[in-house]
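Below is the structure I would like to discuss, written out as structure tokens.
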Amino acid sequence: MTNAGDIQNLNSVSRFDTRKEFPALVVTSVTSNPTSSDIEIRIRARLQPCRNAHKRGAGFSRCRMAIPVRHADPNRAIAWARTFFTTSSICGKRNLLQSDRSAGLFVRVLYDYRAQKKFRLHEFVVMPDHFHVLLTVDCEITIERAVQFIKGGFAFRAGRELGFSAPVWQEGFSEVRILDPDAFLRTEQYIRNNPVARHLVAEAEQYPYSSAHPGFELDPAPQGLKPISSLGLIGMAKAMP
């Protein structure tokens, strides 16, 4: 149960702790309902290293996810358009997205589902072993379903077109609800600067698989989340991949 002290500590960006590159492989997010004082705690995924059943020692086998019982009202979960910062990684943190063919395919999948109006796309970046997306889902679709389209669509096409074998993705994903313009702006800047922080490019615009690169069509921020200041990336967790 969340107490008053917990509520006071919540800010406009839900807490996000990936524990430095998922070493403990535990991802949690805390979101708040802007229309009430209730605090909804969602444990999206508890990711655990999978030991090989036949061998002991280093390495990962197929990743598993412990899914807790959810007590949220499903009717409330899809009652209005919601904006999320989502992240998911390749199983075993392999660099499957580092080639032009695989990263380019991921971007095409992302835009195919945008064209089908599965979500509105605000920002994205495809890193060698994970992706970040800032998107909005409307009332008829959940964030879980939207991410399933992205991950499942890529896995299917990568298997058919690139010869990838399952599992491609680490099970589960992380999501952070975006609740105000400053949170939207900080998230936007974090996504765009991710390749620079990883020393892949000197300038964000130079990275070809990011919304910072010229030429990508993006959807505007939803009403109420349009940034009203030019804040720098402040307070974004350094532990995020």
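The values are calculated or read from the model by the stated rules, or taken from the named source; none is laboratory data. Just so it is clear, the model here is predicted, and its values are computed rather than measured. Don't worry about glycine lacking a Cβ; one is built from the backbone with ideal geometry, like all the others, and counts go over all protein chains shown.
From the list ILE143, ILE150, pick out the single residue that is in contact with a strand residue (DSSP E or B) (Cβ under 6 Å, 6 or more places away or on another chain), aliphatic (A, V, I, L, M) and at pLDDT 95 or above.
Working: ILE150 fails: in contact with a strand residue (DSSP E or B) (Cβ under 6 Å, 6 or more places away or on another chain).
Only one candidate passes the filter, namely ILE143.
Related question: Taking the stretch 167-199, which residues are free of Cβ contacts under 8 Å to residues at least 24 places away in the same chain, within 21 Å of ARG94 (Cβ to Cβ) and either β-branched (Val, Ile, Thr) or not in a helix (DSSP H, G or I) (or both)?
Selection gives HIS199 alone.
I would also like to ask the following. Out of the stretch 136-166, which residues are of a type in the set (S, T, N, Q) and assigned to a helix (DSSP H, G or I)?
Matches in the stretch 136-166: GLN148 only.
Let me ask something additional. State whether the residues of the stretch 157-169 include one that is in contact with a strand residue (DSSP E or B) (Cβ under 7 Å, 6 or more places away or on another chain) and surrounded by 21 or more Cβ atoms within 10 Å (Cβ to Cβ).
yes
Looking at the stretch 133-192, which of its residues are among the charged types (D, E, K, R) and in contact with a Phe, Trp or Tyr (Cβ under 7 Å, 6 or more places away or on another chain)?
Correct list: LYS151, GLU175, ARG177.
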